[in-house]
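A short write-up of the structure that comes next.
The values are calculated or read from the model by the stated rules, or taken from the named source; none is laboratory data. Treat the numbers as computed from the prediction; the structure is a model and nothing was measured. Cβ atoms come from the backbone with ideal geometry, glycine included; neighbour counts cover every protein chain shown.
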Amino acid sequence: MNKKRLLSFLAGFGLLGLVLSPIASAETATSTVAQLQELIKQLQDQIKTLQAQMEVLKQARQDVQETVSLIRQLSIGMAGDDIKALQIALAADFDIYPKGLITGYFGPLTFQAVKRFQKKWGIEQVGRVGPKTLSKVNKVLDENPIVMEENEDGDKSPCAIVPPGHLIAPGWLRKNLIKPIVPECQVVPPGIAKKLGIIPILTPTPTPDVTPPIISSVAVSNIASTTATVAWATNEEAKSKVYYSTTTPLIFSTALNIANNSLVTSHSLGLTGLTASTTYYYVVESKDASDNTATSTENSFETTLE
């Protein structure tokens, strides 16, 4: 029986599909194996890339997360980065180290802060960091970890590692400061940033205050023959000053003046030594903490008869 007649015979009995099916299955299996081999190769390449990235991240973690702790006993007169770490630990509590100066030198202020720290934790108040105090200071640093970041100039400065959901030590956030005594670590070291191919996250630069105070409600009261009181208000805390003269227009460089350098919003200055029955011209001035200065328009008043 030739091939053509065999195929016709098989088709007649419905057996042709049974013969051709294994051949098709073999071809499909071969194709599937090839696809799986290609997929495995791609996965292996991805694993190698991920392993390389993990090594870089591991190194980054080691470089960034090497927190500071104290290993030697400390006393007055000593200096170094470990003194800075001590001062940082003390400054975490405002009541213990209110000055919060991170100088790296163990001076009288640090000495007194150590004594207050020892009193708080029931340790002998000797003012030096012995084994007991050393252990307690390191516990504070464990709870409020810091690292010493190196800048482009090679200088090191402390910063705080603050995990998500946690807060920076309250004592490090002093009032009336442009930035905290110990800021939160926000800058990726340049070498690590280069390895990771990312742009460092820089701490935003505070926007400078360039707006002068707004002066309002300027008035003179308690006018007598030789005295008077000038008062006014500002929308922010500022220093107070009054220029006054018997001539107009008033010239600041030659006019008499009285000032108060306290930062307040309600201003009141008393003028004395005036001449009776005389017209005085005056201008008030307010200067805020950023030295932005505002002045009022020129006003006048007349003293009474003697």
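Condition first: in a loop (DSSP other than H, G, I, E, B) and touching a Phe, Trp or Tyr at 6+ places or on another chain (Cβ under 8 Å). Now tell me which residues in the range 98-119 satisfy that.
Of the residues in the range 98-119, the ones in a loop (DSSP other than H, G, I, E, B) are 98-104, 106-107.
Residue satisfying the conditions is Gly100 alone.
Given the options Gly197, Gly127, Gly171, name the one that is modelled with pLDDT of 75 or more and at positive phi.
Details: Gly197 fails: modelled with pLDDT of 75 or more; Gly171 fails: at positive phi.
Exactly one residue qualifies, and that residue is Gly127.
Pairs needed: first member in the range 237-250, within 17 Å of Ser266 (Cα to Cα); second member anywhere, part of a loop (DSSP other than H, G, I, E, B); C-beta distance under 6 Å; at least 6 residues apart or different chains.
Ala238/Pro213
Being touching a residue at least 24 places away in the same chain (Cβ under 8 Å) and either under 15 Å from Asp209 (Cα atoms) or among the small types (Gly, Ala, Ser) (or both) is the filter here; which residues of the range 274-297 pass it?
Quick first cut of the range 274-297, residues touching a residue at least 24 places away in the same chain (Cβ under 8 Å) only: 274-290, 292-296.
Across the range 274-297, the qualifying residues are Ala276, Ser277, Ser286, Lys287, Asp288, Ala289, Ser290, Asn292, Thr293, Ala294, Ser296.
Could you list all residues from the range 63-73 that are assigned to a helix (DSSP H, G or I) and either loosely packed, with under 10 Cβ neighbours inside 10 Å or at pLDDT 80 or above (or both)?
Within the range 63-73, the first condition is being assigned to a helix (DSSP H, G or I), and the residues that meet it are 63-64.
None; the set is empty.
So for the range 236-257 (the condition being closer than 30 Å to Lys179 by Cβ, out of contact with any helix residue (DSSP H, G or I) (no Cβ under 8 Å at 6 or more places or on another chain) and small (Gly, Ala, Ser)), does at least one residue qualify?
yes
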